[in-house]
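For reference, the structure is listed below as structure tokens.
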Amino acid sequence: MTRTAVLLRVAASLVLLAHVAGQRVPEAPEPNDSPATATALPCGAEAVGTLQSATDEDWYALSLASPADVWLATGPGADADVGDTVLTLLDATGGPVRAADDGAGAGRYARLVVAALPAGTWFVAVGR
């Protein structure tokens, strides 16, 4: 089993970002691949997680009090290069809304920008 680390960055509105910038949130214990087991991730925080295998996904929960432009991106972790990542934005029931395989210029890490995402609970799945 190959374990590789991934870093997820989330930003929504500059006001929220200013209040929580620099926070690092570890992923929840495995399995964390559903709405019930997702790690809460405040806007502006970075999530540090590990993808256990090619089929593992790590889920994070975002709560927006008001509509916001949301920027999601993965990057290399401190331990190892995770390689190609996929980001999926899911609604409150866990249904997929939008996905991104590669970020612009990154080639392997994913980036997803969503304008005016409505208030509510959203989930982000990180996988390969």
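Taking GluC sites (Glu not before Pro) across the range 23-99, none is in a DSSP loop with at most 11 further Cβ atoms lying within 10 angstrom of its Cβ. Computed extension gain for S66 through A99, at 0.36 nm per residue and net of the alpha carbon distance, reaches 9.7 nm.
Using the Cβ of F123 as centre and a radius below 14 Å, the other residues enclosed give a net charge of -4, where K and R count +1 and D and E count -1.
The order of the peptides 31-38, 83-90 by mean Cβ neighbours within 10 Å, most packed first, is 83-90, 31-38.
Here, each number is a calculation from the coordinates, and none is a lab measurement. All of these numbers come straight from a predicted model, not from anything done at the bench. Please note: Cβ atoms are built from the backbone with ideal geometry, for glycine as well, and neighbour counts cover all protein chains shown.
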